[in-house]
Amino acid sequence: MKKVILIFLIFSSEILSQVENVPISHRVYQFLKRMEVRGIIKNFDDASLPISRGEVANFLNEIYAQRDKLSKNEQGYLELLMIEFENELKKENFFETSIINDGIKFNDGLLSDKAKYLYTYRDSNVNFFADLLFNLDTKFSRSSNVVLAEIGGRLRGTYDGKLGFYLQSTDGQSFGDKGLALEEIRLRQNYKFNEEGSVNFDFTDAYIKYQSKYLSFQLGREFITQGYGFSGKLFISQTSPSFDFFKIRFKYKGISYDFVHSWLLGTKFIIPDTIAGNMTLINSKYLATHRLNFNFWDKFNFGVWEGVIYTKRFPELAYLNPINFYKSAEHSLQDRDNALLGFDFKSNIFKNLQIYGTVLIDDINFPTLGTGWYGNELGYQFGLYFANFIKNADLILEYTRIEPYVYSHRFNENNYTHNGFLLGHEIGPNSDDFFIKIIYLLSKRATLTIFVERTRHGRNPIIESDTINVGGDFNLGHRQWDAEKVKFLDGIIENKLKLGFDLLWEIKKDILLGFGAGKYEKNFLTYVKIKVDY
């Protein structure tokens with residue numbers, strides 16, 4: 001009966017526009033991808049994430065209209081997602097509970113399948129939500145262990161269906177082996193945690209966003225991705241640190257356009273000062289990108305992407321121009337910057353199968369293609385996504401190859417990094433990667449993920465104090481005395497194998513338990529994770 005009432009309420013009222021984005025780590029994107037490959041939803045542009053809660057709600061509506069095509073597990077998963085996004089699906093009679101509004105309840109609150117908040121407020125102009133966040137992550141290796149405890153909150157809301165804001169901040173502490181904690185890339189990227197003797201870490205994302213029917217503007221900081229790929233993305237990957245940016249997005253039917261100008265952290269210098277203490281100086285650094293996407297016949301997507309890294313000056317008007325051609329502008333600015341070009345596609349021509357791929361051109365000289373000239377700096381990624389290859393299970397096969405010197409630049413300050421970490425695929429230049437992933441929806445509450453990944457990397461040899469540059473380090477561009485011709489995977493070959501599984505179980509709405517095991521960067525790890533989003 002509860003399910004019938006929920007469905008009636010959702011479809012007996014109009015949809016509200018909710019401007020805030022759904023973070024890229026949210027599991028709804030995995031579900032939307034499955035539905036896209038199965039042909040149930042259209043115009044899902046996952047090459048530019050995140051998207052707004054209102055857009056996600058529209059996709060959930062589209063899926064519900066074809067719910068007879070879903071398995072029992074998928075229908076149950078959809079039901080839980082629709083509860084979470086109910087504010088975007090209807091006006092009133094919400095299946096939710098909040099501590100401040102309703103007090104602490106168990107059977108009808110914390111331990112129910114209602115959407116859970118610390119506080120909610122709505123009127124004819126404003127929707128406002130406050131969430132309490134808690135994460136407890138325990139990792140075990142053969143010889144040590146670490147516990148990561150994190151607590152924080154989230155504030156978000158929309159005014160008049162057009163102006164939205166988002167603020168999420170968490171603070172955490174590690175107990176145990178810090179080296180084991182640093183297996184997690186987000187902690188390796190955290191400034192506070194990497195201070196000598198520190199066991200604390202903190203994270204903050206915040207932005208404001210204005211959205212009209214076809215156009216949106218966003219200013220602030222959050223994690224974003226650009227491009228396709230599950231092992232990583234060649235343009236802006238999920239392993240990239242978050243950064244501050246200004247974004248313009250236009251979307252009309254099957255055409256979308258994204259412009260992003262980002263403020264990054266460049267090269268760091270320490271100036272000794274025996275009186276005031278050492279002074280840290282960091283060069284200014286920026287990334288401008290834009291991408292135009294076309295959706296043809298709901299079966300084929302094609303995108304053109306361009307980016308440019310530049311440093312040591314104020315933001316350039318040429319790169320703040322959202323419709324400029326960056327490579328030509330870079331030439332007119334005296335060829336000082338690192339311009340990149342990319343193309344991506346995905347095709348759903350075959351039932352339950354998506355073919356996708358990306359080509360990244362860091363630099364190219366067509367007459368020298370195939371000669372081994374170092375300046376032909378290309379990256380490739382191709383994959384197959386089989387939806388429902390067995391009932392409720394998806395299979396992903398992916399291969400990535402990045403030629404020598406990709407992401408580097410003759411001026412090392414212009415390498416494709418933020419705070420020393422790659423913005424693109426984490427395997428880096430002179431590398432390739434074979435990736436297999438199975439996603440199995442065990443029930444409406446539980447998802448099992450199994451993955452195997454093998455990476456090969458050609459590292460620059462170091463002989464005494466000299467580096468032999470074979471293009472294997474994104475921090476070292478081609479020097480005048482380096483060889484003019486390079487061979488893929490030249491240098492010292494490093495082979496890495498990652499494999500494991502992750503089991504995520506939503507015990508009750510917004511209360512999740514995770515368990516996993518696998519071989520990662522250096523250790524064989526197991527973990528147990530509890531996440532509460534109230």
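The values are calculated or read from the model by the stated rules, or taken from the named source; none is laboratory data. Worth saying up front: this structure is predicted, and the values here are computed from it rather than measured. Virtual Cβ from ideal backbone geometry, glycine too; neighbours counted across all protein chains shown.
Could you please find all residues in the range 292-313 being within 22 Å of the chain's Cα centre (by Cα), of a type in the set (F, W, Y) and within 20 Å of H331 (Cα to Cα)?
W305
Looking only at the range 68-104, filter to residues that are more than 30 Å from the chain's Cα centre (by Cα), modelled with pLDDT under 85 and not hydrophobic (A, V, I, L, M, F, W, C); which one of those is surrounded by the fewest Cβ atoms within 10 Å (Cβ to Cβ)?
E92
How many of the residues in the range 1-21 are surrounded by fewer than 21 Cβ atoms within 10 Å (Cβ to Cβ) and either of a type in the set (D, E, K, R) or modelled with pLDDT of 95 or more (or both)?
Qualifying residue count, the range 1-21: 3.
Taking the options N365, N301, N321, N295, name whichever one is among the polar types (S, T, N, Q), closer than 20 Å to F250 by Cα and free of Cβ contacts under 8 Å to residues at least 24 places away in the same chain. Please lay out each step first, then the result.
Details: N365 fails: closer than 20 Å to F250 by Cα; N301 fails: free of Cβ contacts under 8 Å to residues at least 24 places away in the same chain; N295 fails: free of Cβ contacts under 8 Å to residues at least 24 places away in the same chain.
Among N365, N301, N321, N295, only N321 is among the polar types (S, T, N, Q), closer than 20 Å to F250 by Cα and free of Cβ contacts under 8 Å to residues at least 24 places away in the same chain.
Here are the criteria: (1) surrounded by 15 or more Cβ atoms within 10 Å (Cβ to Cβ); (2) under 30 Å from L118 (Cβ atoms). Tell me which single one S443 does not satisfy.
Every condition holds for S443 apart from (1).
Each row is one residue, and each column tells you yes or no for (1) in a strand (DSSP E or B); (2) in contact with a Ser or Thr (Cβ under 7 Å, 6 or more places away or on another chain).
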position	(1), (2)
N101	no, yes
Y121	yes, no
F129	yes, yes
L132	yes, no
T138	yes, no
F165	yes, no
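Looking at this structure, is G383 assigned to a loop (DSSP other than H, G, I, E, B) and at pLDDT 95 or above?
no
Among the residues of the range 515-525, write down those that are of a type outside the set (A, V, I, L, M, F, W, C) and either in a loop (DSSP other than H, G, I, E, B) or buried (at least 16 other Cβ atoms within 10 Å of the Cβ) (or both). Don't jump to the end; show me each part of the working.
Step one: of the range 515-525, the residues of a type outside the set (A, V, I, L, M, F, W, C) are 516, 518-523.
If the condition is that a residue be of a type outside the set (A, V, I, L, M, F, W, C) and either in a loop (DSSP other than H, G, I, E, B) or buried (at least 16 other Cβ atoms within 10 Å of the Cβ) (or both), then G516, G518, Y520, E521, K522, N523 are the ones that fit.
From the list F296, F343, which residue is hydrophobic (A, V, I, L, M, F, W, C), at pLDDT 95 or above and within 16 Å of S256 (Cβ to Cβ)? Walk me through it before giving the result.
Working: F296 fails: at pLDDT 95 or above.
Of F296, F343, the one residue that is hydrophobic (A, V, I, L, M, F, W, C), at pLDDT 95 or above and within 16 Å of S256 (Cβ to Cβ) is F343.
So the check is Cβ under 6 Å with 6+ separation or different chains; which pairs have a first residue in the range 79-91 that's among the acidic types (D, E) and a second one that's at pLDDT 85 or above?
Taking only residues 6 or more apart or on different chains, the pairs are E84/A115; E88/R53; E88/G54; E88/A57.
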